[in-house]
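Nothing in this text is a laboratory measurement; each read-out follows from the coordinates by a stated rule. Since the model is a prediction, treat every value here as computed from it, not as a measurement. When we count neighbours, we look across all protein chains shown, and the Cβ atoms used for this are built from the backbone with ideal geometry, even at glycine.
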């Protein structure tokens, strides 16, 4: 109950801002504000309920292992269906048709890989973070430092993209100043995670996933209803209206050269299997069977969601382009990313607009909470517990460290959100996937399946992958030219994954096989025991009991 | 039961064999389907822009949406196989190992 005061403060502050704005600007949607406040009230209620159930480290990091496969599948889908992917992919389909589909497919194809190669061994070997698995038979300290670095870099880039998107969206939808919007998001996510841990974060994610799937389903249904549920009719009408005509039905300018196309493909496909906030979700279920079930449901929900987003993008082409009310000076109000939001108004008036706006906000809140929890777990469970506590188990201290880390991450996210306001942050999600594919994924995969992996190989190879991914993005066109304003890029490709992932795998391989130390020999010898546990789950059960 | 003994169990050998049998084909099928599309986009984008019949729907659109459904199918096949084949073997090993899982 001790956080009732701040909660009341935020709610009243938001309500005041919103109403003040509403009275001065008629464009603000009252339904959106009411629905959003209802979402905040319900989720804070859940956080209060979850806080009373969060007693152990297992509760805090993994919801006590008590989430079912179906719930976890929905929560994973919730983590993955960010506002960026909902508004971004719908916007991309609206601008260039088929190119939007390329991204949607890329985001989905990692899931069968996660299911078949990663999910079950991950659940059988780990406890709270993927570093548990990577360091299972290797040296704790260096591996955890590296895995935590990979996790934090991924989380921070992802978080910046979401915070900036959130600020802009809320500014536009609710008429709040950008800074206020970013602060509200930061404060709410910190409250959810600090007090409610994984239990609250999971339930916030579940509610949001249901809201988002219902909202998107309704929009896609209303679009298809107008075209007799025929894709051919939908496409035919879109081709007639769109300036690019038939070109929207084929690959366009998004991926122009082969290296970029393959590189983007590698980053999206293998990055999914290295996202710390997604991997963490597998520890919230009872066992490998539930982990497997989670991915099956998650893949179904995510695939279905991308099909909806695709229909929504095409619906936006047809319904928005014909209506000048959505344009100023020939450009869509708020940019292409607002296509889905405008479409909701075109389809269902202010009621649907209000609902979808509130859902978009809820989506952002849920995703940043999941990211923050993953980041704070990397700090407390991997860095603090290994470096400060030096492996001496002390759950109370670890949870306290995690809560402090959450508050710090909240502050950092708000500050970075404000710093990057004017920057193009679209590349940051791509960078997060690239880092995940170049550092986290190779270490995780090889630690589970490759006997010869040694600490030296994992640290040097994984470190090279992480370093290369970040450096090549910085000296590539998106940062060197677009952000720093240089004339030409030092590294010519937008997506470096083909190089950084290869360097990681080759580095890990080379520095492992040439490692002739006694420690390396014992790490390799420990593989058989690890493999028995990873395949059968024997020995894994106590991980979720407390 | 010692780890060595678990590794000697015929069920353990059967489990790792059965897992290999499904793991690599399904992973490779997904990777192949996706990179076939990506490489076509990279080297021969016009193929994907070819309309089907007299309509405006292109091969690319059908393949693109098809891959989304294909991913769902792959996960379905794996879960079906895992529940029918892998799970009974795992349970048998756990039972012989004497521990409750």
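Figures for the structure shown
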| quantity | calculated |
| --- | --- |
| Size descriptor, Kirkwood hydrodynamic radius, that averages inverse alpha-carbon separations across the stretch A:167-260, Å | 17.7 Å |
| Helix-only CD estimate at 222 nm, as mean residue ellipticity for chain A, using -39500 (n - 2.57) per DSSP H run (n ≥ 4) | -24000 deg cm²/dmol |
| Label-point separation, residue B:17 to residue A:514 (7 Å along Cα→Cβ), nm | 3.9 nm |
| Ordering of A:366-372, A:197-203, A:45-51, A:318-324 by packing [mean C-beta count within 10 Å, highest first] | A:366-372, A:197-203, A:45-51, A:318-324 |
| Helical contribution to [θ] at 222 nm, DSSP H n ≥ 4, -39,500 (n - 2.57), averaged over chain B, rounded to 500 | -25000 deg cm²/dmol |
| Rel. contact order, % - alpha carbon contacts under 8 angstrom, at least six apart, the stretch B:18-96 | 30 percent |
| In Å, descending, principal axis extents of the Cα set of the stretch A:481-532 | 53, 24, 16 |
| Taking A:289, A:388 and counting other C-beta atoms within 10 Å, the order from fewest to most | A:388, A:289 |
| Principal-axis tilt of helix A:288-321 within chain A, Cα atoms, nearest 10 degrees | 20 degrees |
| Separation between Cα centres of the stretch A:246-267 and the stretch B:10-87, rounded to whole Å | 19 Å |
| Ellipsoid semi-axes in whole angstrom, largest first, where each is sqrt(5λ) of the Cα gyration tensor of the stretch B:18-96 | 38, 13, 6 |
| Average projected area [Cα convex hull, the protein assembly as shown], square nanometres | 28.1 nm² |
| Principal-axis tilt of helix A:30-53 within chain A, Cα atoms, nearest 10 degrees | 20 degrees |
| Full-extension gain in nm, residue A:49 to residue A:233, via 0.36 nm per residue minus C-alpha separation | 61.3 nm |
| Chain A: angle of helix A:231-241 to the longest principal axis, Cα-based, in degrees nearest 10 | 60 degrees |
